[in-house]
């Protein structure tokens, strides 16, 4: 039945879909790629730094035959440049896949990752101790990143040796096992095994790698289900199939190789069964809602097949990428004076507006050298946030609910006149209070809520999980997609030691904030019930407004 469904979809595509602008040979897969690319462009209107709506979208689009405006890649580059500059070139202390992912996307888009805001993003990958902290996943992507355009490195042999050392007795790989004899018999993960093979594909001339690859291919063939797909993390999912499909393409193995056809189903057939009528994709076969990462992985896995069929460089061998000049660090106004950046995203609420600079070079004595100095100064220059005095900001003080209502209302340019008439909304927010209009306006737009039907509790502090929820509501008004599927929530939060302490009502918002970089994910814990600090709120709002093109 799935094979019949796949054939039906292909026929439907031939007769009813708009072909992509640069389809290769007019094949059915080209048409599918064009439609998925269109879906990604519609849902990722402003690509940013992140696993969903960021690097994988850029890689899939840039390596396809589809026409994408140069401004799309330029917008992404500017986001990366600002991100790197704000971080002082140190993207993460523990997650070095951040470097690899951005290197891959910049290379695919034609930019040089060795000169971004004055920093060489390949340099941190020379530190084995840091790269290896995330296990074989980080080693794999570091190797892929360095090999994407043959960037100079002394670490290739070391990475390869470490990857081979972690191979399981059954021929596959997983995230944590394979280092000691006690872990050699662990189950293989199809997606991790596929990713490792992608990285090792370039080195098949080496006997030990060829042997390891053959064992892994045999394991993946055995693991493949009758549906043509794979079970990973205890459920059949599209990402596992996509990673294996890319691995076959990188190795030069046809996707319909008899070893990878089960019950007449190929990996391509399997991936098509996850596709919805609007060309979004579900994470699991019985998924009821689209998953952004699933669509992006479907796109670049099909692009890998497209490139193999056309005799082009593989997905990750990017020396053939269209080259673009890196935008100088002073090529745009980092403070957001560019009119296009101020306009905001197309889907924003019409009441949301960019705030102009009203106080040039505004700063405070107690934020000099502070990690959030740039964020605080940018917001203060626009009158969005204020200090305890003209010279003191008190970055490490906690934030009151009334204060948050004020800065988020000013940050989004929401006018209090937009709030519905009818006087006070809460008994403890009276007309004489300085925060009266701010709280009413923020409440009318659904950004903040009361602690009860009648009380707001303006003087109480805000916890980290409460702040995430409020910022996510503000982000939705700015036109950002804040909804997250259960698998995305799990992936975003399970990396923290205390993720189980997060309240159910805050999980999706926290996942949104972490996955988009609004919250820094380099810490080991979320600390959801800890009172958030003024500097942290400033940083969150600054990153939100930047992504929303309101700065």
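Nothing in this text is a laboratory measurement; each read-out follows from the coordinates by a stated rule. From a predicted model like this one, the values you see are computed outputs, not experimental measurements. Counting neighbours? That spans all protein chains shown, and the Cβs are built from the backbone with ideal geometry, glycine included.
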Query raised in the report: In whole angstrom, and with the biggest value first, how far do the Cα coordinates of segment 471-546 range along each principal axis?
Result: 29, 28, 20
Query raised in the report: Expressed as an acute angle from 0 to 90° and rounded to the nearest 10, what is the orientation of the C-alpha long axis of helix 156-165 relative to the principal long axis of the chain?
Result: 80 degrees
Query raised in the report: Computed over the Cα atoms, what is the radius of gyration of segment 2-309 divided by 2.2 N^0.38 Å, N being its residue count?
Result: 0.98
Report task. Counting other beta carbons within 10 Å of each Cβ, put 320, 147 in order, fewest first. Result -> 320, 147
Requested in this report: Show me 514-522, 385-393 ranked by packing, highest mean number of other Cβ atoms within 10 Å first.
Outcome: 514-522, 385-393
Query raised in the report: With a ≥ b ≥ c the root eigenvalues of the C-alpha gyration tensor of segment 165-249, is it rounded (a/c under 1.5), prolate (a/b larger than b/c) or oblate?
Result: oblate
Query - Percentage relative contact order, the chain, counting C-alpha pairs under 8 Å, at least six apart - result: 13 percent
Report task. Note the angle between two axes, namely the Cα long axis of helix 70-86 and the longest principal axis of the Cα atoms of the chain, as a number of degrees from 0 to 90, rounded to the nearest 10. Result -> 70 degrees
Requested in this report: Give the whole-number value, in cubic angstrom per residue, of the convex hull volume spanned by the C-alpha atoms of segment 59-117.
Outcome: 69 Å³
Query raised in the report: How big is D, in µm² s⁻¹, for segment 64-212 by Stokes-Einstein at 25 °C and 0.890 mPa s if Rh is the Kirkwood radius over C-alpha pairs?
Result: 150 µm²/s
Query raised in the report: Once you sort the root eigenvalues of the Cα gyration tensor of segment 172-312 as a ≥ b ≥ c, which label holds: rounded (a/c under 1.5), prolate (a/b larger than b/c) or oblate (the other case)?
Result: oblate
Requested in this report: Let me have the relative contact order for segment 159-221, percent, based on Cα pairs under 8 Å that are six or more residues apart.
Outcome: 33 percent
Query raised in the report: For segment 341-415, what relative contact order do you get, as a whole percent, if you take Cα pairs closer than 8 Å and at least 6 residues apart?
Result: 38 percent
Query - Inter-centroid distance (Cα atoms) of segment 133-207 relative to segment 510-532, Å - result: 29 Å
**Report entry** Convex hull volume per residue in cubic angstrom - Cα atoms of segment 339-547
**Finding:** 128 Å³
Report summary line: Exposure-ranked with fewest Cβ neighbours within 10 Å first, 63, 95, 307 stand as 95, 307, 63
Query raised in the report: For residue 495 and residue 434, FRET efficiency with R0 = 35 Å and r from the beta-carbon atoms, rounded to 0.05?
Result: 0.30
Query - Residue list for segment 432-447, given a label point 7 angstrom along the Cα-to-Cβ vector of residue 503 and an amide N cut-off under 16 Å - result: 447
Report summary line: Nearest 10, in degrees from 0 to 90: the angle of helix 207-223 to the longest Cα principal axis of the chain is 80 degrees
Report task. Kindly provide the helix-only [θ] at 222 nm of the chain, computed as the sum of -39,500 (n - 2.57) over DSSP H runs of four or more divided by all residues, to the nearest 500 deg cm²/dmol? Result -> -13500 deg cm²/dmol
Query - Ascending count of other beta-carbon atoms within 10 Å, so fewest first, for 370, 283 - result: 370, 283
Report task. Calculate, in whole percent, how much of the Cα-Cα pair population of segment 201-256 lies beyond 17 Å. Result -> 39 percent
Query raised in the report: Once a ≥ b ≥ c are taken as the square roots of the eigenvalues of the Cα gyration tensor of the chain, is the result rounded (a/c under 1.5), prolate (a/b larger than b/c) or oblate (a/b not larger than b/c)?
Result: prolate
